[in-house]
Each structure stands twice: as C-alpha cells, then as structure tokens.
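Everything on this sheet refers to the single structure shown next.
Read-outs throughout are calculated quantities, based only on the coordinates presented, and are distinct from any laboratory measurement. No experiment lies behind these values; they were computed from the predicted model shown. All Cβ positions, even for glycine, are placed from backbone atoms using ideal geometry, and neighbour counts span all protein chains on display.
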Amino acid sequence: MEAFITSTLLVTMAEIGDKTQLLSFVLAARLRRPWAIIAGIFVATIINHGLAGSFGVWLSTLVPAHWLPWIIGAIFIAFGIWTLVPDKLDDEDTPKDTHMGAFVTTTIAFFLAEMGDKTQLATVALGARYEEAIVAVIFGTTFGMMLANVPAVLIGQKLADRLPLNIIRKVAATLFVLTGIATIIWG
C-alpha cells in the first residue's frame, strides 16, 4: 500500500502544471470528446508507466543494493528541484491531426508527451525503489496522472485559472525532496 500511496501522491502533485496536464487542456478544447480523451490518457499512461516502472525494476538489478538508496534518493531530490520549474506546452506536443478520432489522437499525443517527462522518470525511480510492488507503483502513478488530468479535461481552462500553481509546485517539490531524504536514510 505504501508504494501505491507514495506513487499516487508524488505523481499527482508533480503533474499539476506539467506539460501533459497542459496537453489535457488543449485536447479538451480542440477535440471536445472528454470521455474519449480520458480513456486515451488512461491507456497511454498505463502503457508508458508500465514500461517505465519495469525499466526501473530492471535497473535496480544492475546497481549494487547498497548504492540504490543513495541513487534513488538523489533522483527524487533532483525531481523536487525540477518540479519548481514550470512546464510549458511546445507546439510539437500538440496534436496536429484529429482525423484519427479523439481516443487515438489522445493516446498517441499523451504517450509521446510523457516520454522523458518528470512523471515518467519518477515512475522509473519508483519502480527501482519499490521493485517488489511494481504493480502498485504502476497503478499508483497512473491513478495520480488521472487525478491530475481528468479535472483538466472536464473543467478545462477555468480550473487552471483558479489553482494556485506556485503553491502546488512547491508542495510537490517538497514531497519529492522529503521522499528522497527518506529513501537515503531508511532505504
């Protein structure tokens, strides 16, 4: 349960203001098919984070066990610092062709936007940290993505204007840093 709760909390907080959340706003505004968009986000995230978490477990087998807490802790602390930098949505991240349908467009756009993103890399680190609970990590990070992105799709830009993104970003950064420190101390 710890792996699920930690994964959910970290990814939910990190996703606020992230480029994939901004992509959710764009998709909702352009495609206007909220349930197809939500389904596409779910499918893209479960596949992406399944691969990322599995990669984290594999990496943990390559690194000596006594180094893992230090490496993973440092990664979480770095994510904490990275979280303080606001994301922006690049033009190449927005879908160009909506002829494939909202679901397929969302699945492809979201999967690609998540590549190399901090939430994907956090999933790699969480997979390495909780290798014995990888399924809980994948479901936790996916649930965290859904918690952050479903409201973005359903409520759209009105929600973004009302959220105190700076405060949320600082809370997320603090959670990453504290998780990193706890991993180093109790790893």
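A simple spin-label model places the labels of Ile47 and Ile5 3.3 nm from each other, with each point 7 Å out along Cα-to-Cβ.
What distance in nm separates the two pseudo spin-label positions at Val171 and Ala78, each 7 Å out from Cα along the beta-carbon direction? Those two pseudo-labels are separated by 2.7 nm. Take the Cβ atoms of Val104 and Val135, set R0 to 22 Å, and the FRET efficiency comes out at 0.25. Taking a point 7 Å out from the Cα of Met115 in the direction of its Cβ, the residues of region 6-23 whose backbone N falls within less than 19 Å of it are 19-23.
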